[in-house]
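J.: Shown below is the structure under consideration.
Values quoted throughout were computed directly from the atomic coordinates according to the rules given, and no laboratory measurement underlies them. Predicted, not measured: the structure shown is a model, and the values here were computed from it. FYI the Cβ positions are ideal-geometry reconstructions off the backbone, even for glycines, and counts take in every protein chain you see.
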Amino acid sequence: MAKIKASAFVTSALSRALHPGHLWRAAVLQRNRKRDSRSHDDVQLKLYSEMLPGDFLHFGYFEDVDRLPEDMSLNEIAAAQNRYAELVLDQVVCRESPVLDVGCGMGGLCRMMLDRGMNPVALTPDRLQVAHVSRRFPGIQVIKSKFEKLPVADHVARYGTVITSESLQYLKLDQALPLLEQVLKPGGRWIACDYFYRQPTEEKSCHQWDAFNEKLTAAGWRVTHQREITPNVVPTLRYVHMWATRFGIPLMQFVFVKFRKKNPGLHYVFENVLAMLQKLADENLPTIDPVAFAERHKYMLLVMERAISSSAPA
């Protein structure tokens, strides 16, 4: 009976794969993959939000930087994410004016701002995040837009604080820095918590530290507070890396072997797909390696304000 089912499955899969209509549909979906990118439908972030409570998507902050991953729990990850948010919000000094949360994720930071009596405004280009935050916090204004495309005329000098929590890495600084100046009130603060490359590199997943500071100074900004928290965020990576190497990868390989033994015909048909999945896992594993991350990146909590011109009256 199992063999009949497997044979029927193979026949169905092959007929779909070879059908001209399905081939055309596959080509259209592939062609439109950039249009349907993660900025419009980030299911990976949605998965993270469902795995962890609190509606947070950031690394978290551990006081005990030597905490072993084997001794950690999901409750500790959640507590670390709350502590991270507290560190960011402790830097907000203007509580009367709205606070713009750029790249608001699933709204965890906005929730904590509400708890502190602040007036958050959430911004994200992701439709799932817009729907989630609007549903969870109906009193919060949610703007569906990339920051660089924000209609500035509606937001000039509106905010006492702008926060970019793990969203600075996505901003195009040449466009974002002038816009930040326009949306902030005089004397307003820009608070950023994000990671940077320590050394110059051709990779583009985040900004390089020295180059960022050069652009910041050239655009008339000054850093009024900075703190490196790399050791405090690494425990989360150690935890994720442990689960991936000890459970995720071995379990995937076990499933592949069982699949080959139980259904050798199906395994033959999908062998290339399985190999691609293995390759994808192998290529992505280094991105969550805690040692490699700390060597290549520095994670910074920054407070920035507009620099006062030397020619301005005292």
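J.: Give me the number: length gained by fully extending Arg127 to Asp66, i.e. 0.36 nm times residue separation minus the C-alpha to C-alpha distance, one decimal in nm.
T.: Separation in residues times 0.36 nm, less the Cα-Cα distance, equals 18.2 nm.
J.: Let me ask something additional. Mind ranking 98-109, 294-305 by how tightly packed they are, going by the mean number of other C-beta atoms within 10 angstrom, highest first?
T.: Top of the packing list down: 98-109, 294-305.
J.: Can you find, among Val93, Gln169, Phe137, the residue farthest towards the positive end of the dipole of the range 83-184? Put +1 on the C-beta of Lys and Arg, -1 on that of Asp and Glu.
T.: So the residue we want is Phe137.
J.: Using the basic label-point model (7 angstrom from Cα toward the beta carbon), what is the Trp243 to Arg95 distance in nanometres?
T.: Here the answer is 3.5 nm between the modelled labels.
J.: Please find the FRET efficiency linking Arg116 to Glu295, where r is the Cβ-Cβ separation and R0 is fixed at 41 Å, and quote it to the nearest 0.05.
T.: Given R0 = 41 Å and the Cβ-Cβ separation, E is 0.70.
J.: Set the Förster distance to 45 Å, then compute FRET efficiency between Lys185 and Met276 from the Cβ-Cβ distance, nearest 0.05.
T.: 0.30
J.: Going by average Cβ density within 10 Å per residue, which order do the peptides 112-124, 207-219 take, highest to lowest?
T.: So the peptides 112-124, 207-219, ranked by packing, come out 112-124, 207-219.
J.: A further question follows. So between Ala211 and Lys172, what do we pick up on full extension, going 0.36 nm a residue minus the alpha carbon distance?
T.: Stretched out fully, the Ala211 to Lys172 stretch lengthens by 12.8 nm.
J.: Net charge near Arg198: determine it from the other residues with C-beta under 14 Å of the C-beta of Arg198, scoring Lys and Arg +1 and Asp and Glu -1.
T.: -3
J.: Further question: Hand me the chymotrypsin sites (Phe, Trp or Tyr not before Pro) from the range 97-170 located in a DSSP loop with no more than 10 other Cβ atoms within 10 Å, in residue order please.
T.: none
J.: May I ask which residue of Leu237, Ala219, Gln199 lies farthest towards the positive end of the charge dipole of the range 198-240, with charges of +1 (Lys, Arg) and -1 (Asp, Glu) on Cβ and the Cα centre as origin?
T.: Leu237
J.: Next question. For the range 168-206, run through the GluC sites (Glu not before Pro) and keep only the ones in DSSP coil with at most 15 other Cβ atoms within 10 Å of their Cβ.
T.: Listed in order of number, the matching sites are Glu202, Glu203.
J.: What order, most packed first, do the peptides 85-91, 223-229 have when packing is the mean number of other Cβ atoms within 10 Å of each residue?
T.: Result, highest mean first: 85-91, 223-229.
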